[in-house]
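K.L.:
What follows is a single structure, and I will ask about it in a moment.
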Amino acid sequence: MRVVRASKFRHVFGQALKNDQCYDDIRVSRVTWDSSFCAVNPKFVAIIIEASGGGAFLVLPLLKTGRIDKAYPTVCGHTGPVLDIDWCPHNDHVIASGSEDCTVMVWQIPENGLVTPLAEPVVVLEGHSKRVGIVTWHPTARNVLMSAGCDNLIIIWNVGTGEAMIQLEDMHPDVIFSACWSRNGALICTACKDKNIRVIDPRKEKIVAEKDKAHDGARPMRAIFLADGNVFTTGFSRMSERQLALWNPKSMEEPISVHELDTSNGVLLPFYDADTSVVYLCGKGDSSIRYFEITDEAPFVHYLNTFSSKEPQRGMGYMPKRGLDVNKCEIARFYKLHERKCEPIIMTVPRKSDLFQDDLYPDTAGPDCAIEAEDWFDGKNGEPILISLKNGYVPGKNRDLKVVKKSNVLEGKPAKKAANTSPAERKLEELLREVKSLRDLVTLQDRRIAKLEDQMSKVAI
């Protein structure tokens, strides 16, 4: 007789909210890039949208549901499509964006959301020579941001000074599909088009573990850190079956566990809850969310359930734990992007009692940072500062992001390629060339007019 494994998450069920609680009439971006296109925190939902003549994203207060007016103001400072967005974990009004225009921009959202279009970022971070597809904030250090571009380069920024502090060059021979911080932000793990998973110590600029051909298939992989330091990956087999795998960075020869799922071709985006050790997999183009519990017992990755719906998802936002309704035993909330709307999906553990369920809600990462950027760059680490959700999360007042620009520490380094001139410099050169050609044109016209006047005066005589 097979004994069913006991788990408090076995009966988790998903429920999509009714239409009046969705965000409607939004033109979700059609750009071909496998990011989630959506970022959420306890105050706002941000969604990358179609924008003519540049890149833009919407930032809506969570309560601003219903039809969104076409004239609703956007964050619109990029000159190319926006590819990725990420809310700062330590300030619910600060969001970073990476774009096809090769820049990273950091924005401060007003207390009650946007009233007019926001085109001026707090800081523009220039250093990539190709489009920037990944931006992700450090989990515990203030104002530390990682970006990865299609120039196969990872840059770690001190946003407070606008400086590129660390450049991880020559580690990835091809496009970086994903980059993720460890729980305390001491390490990062990446998935690359060369099919390798790498665990990197960014401050030592050293690869500490690597697995080639983690998944044999050619389609994009994803890699995330778990709370215990193991790495969870999604990818494809040689036969194009979707796979998930669990790895121990101390011994990467063989995976701890591998599961084959199906033969769909959408990239699986993993969302991880460190408090409950549940991983949610959202396939791009799928109409379902599958969830798994990760434990110390074989087979280590245990299938829990699937939330299914009719419509395929274009992207997905994932609410931090402090934004959930603990009174309803909500353990996850997703924001599913359709072609023209964003639909919240709530994951709940059925419980009869109205009391706070402390087994579902261990203390979780709060909004306070553990250390300052300078401390982290000097080699210190800080574990997440945990908060209790017992009385629900009450947001505090967020301070404004202050940027004191310094000359870039990396500017002294010899330029790697001519392509490393910043987009702003390239734009300036272009404008100067245009001005010069217009001046030449005006000079030519002046000469022609002078010649014609000369001829007319001769005829008149």
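K.L.:
Please calculate how many Å² of accessible area the chain carries per residue, with a 1.4 Å probe and no DNA, RNA or ligand atoms counted.
P.N.:
Counting only protein heavy atoms, the per-residue value for the chain is 48 Å².
K.L.:
Moving on. Can you show me the helix-derived [θ] at 222 nm for the chain, built from DSSP H runs with n ≥ 4 at -39,500 (n - 2.57) apiece and divided by the number of residues, rounded to the nearest 500.
P.N.:
-3000 deg cm²/dmol
K.L.:
Express the carbon and sulfur contribution to the solvent-accessible surface of region 177-325 as a percent, rounded to the nearest whole number, probe 1.4 angstrom.
P.N.:
45
K.L.:
If you don't mind, there's one more thing I want to ask. Quick one: which of 100-110, 334-344, 307-317 comes out on top by average Cβ neighbours within 10 Å, and what's the full order, highest first?
P.N.:
Top of the packing list down: 100-110, 334-344, 307-317.
K.L.:
Report the semi-axes of the equivalent ellipsoid for region 158-250 in whole Å, largest first, where each axis is √(5λ) for an eigenvalue λ of the Cα gyration tensor.
P.N.:
Semi-axis lengths for region 158-250 are 24, 15, 11 Å.
K.L.:
At a Förster distance of 30 Å, what's the computed FRET efficiency of residue 17 paired with residue 358, Cβ-Cβ distance as r, to 0.05?
P.N.:
E between residue 17 and residue 358, to the nearest 0.05, is 0.70.
K.L.:
For region 209-359, compute Rh as the Kirkwood radius over C-alpha pairs and then the Stokes-Einstein diffusion coefficient at 37 °C and 0.692 mPa s; write the answer in µm²/s, rounded to an integer.
P.N.:
Diffusion coefficient, whole number: 199 µm²/s.
K.L.:
Applying a 10 Å radius around every beta-carbon, put 153-166, 77-90 in order of their mean neighbour count, most first.
P.N.:
Averaged packing, sorted descending, gives the order 77-90, 153-166.
K.L.:
Taking R0 as 60 Å, what FRET efficiency do you get between residue 339 and residue 378 from their Cβ-Cβ distance, rounded to the nearest 0.05?
P.N.:
0.80
K.L.:
Follow-up question, since we're still on this one. Residues in region 202-223 near a label at residue 237, defined as backbone nitrogen under 16 Å from the 7 Å Cα→Cβ point?
P.N.:
Residues 214-219 fall inside that zone.
K.L.:
With the Cα gyration tensor of the chain in hand, convert its eigenvalues to equivalent ellipsoid semi-axes via √(5λ) and list them largest first in whole Å.
P.N.:
Those come to 44, 26, 22 Å.
K.L.:
Could you work out how far helix 423-460 tilts from the main Cα principal axis of the chain, as a 0 to 90 degree angle to the nearest 10?
P.N.:
It works out to around 20 degrees.
K.L.:
Per 0.36 nm of contour for each residue apart, how much would the distance between residue 308 and residue 170 grow if the chain were fully extended, relative to their Cα-Cα spacing? Write down the numbers at each step before the final one.
P.N.:
On the way: separation 138, 0.36 × 138 = 49.68 nm, distance 4.18 nm.
Going from the current span to full extension adds 45.5 nm.
K.L.:
Just check region 39-155 against the gyration tensor rule for me: Cα atoms, a ≥ b ≥ c as the square roots of the eigenvalues, rounded for a/c under 1.5, and otherwise prolate or oblate depending on whether a/b exceeds b/c.
P.N.:
Oblate, since a/c reaches 1.5 and b/c is not below a/b.
K.L.:
Additional query: With a 1.4 Å probe and every protein chain kept in, tell me what percent of the accessible surface of region 43-173 is carbon plus sulfur.
P.N.:
51
The values are calculated or read from the model by the stated rules, or taken from the named source; none is laboratory data. Bear in mind the structure is a predicted one, so any value in this text is a computation, not a measurement. Using ideal geometry, Cβ is built from the backbone for each residue, glycine included, and neighbour counts are taken over all protein chains shown. Ligands, DNA and RNA are excluded from the accessible area calculation, which covers all protein heavy atoms including side chains. Shrake-Rupley method; radii C 1.70, N 1.55, O 1.52, S 1.80 Å.
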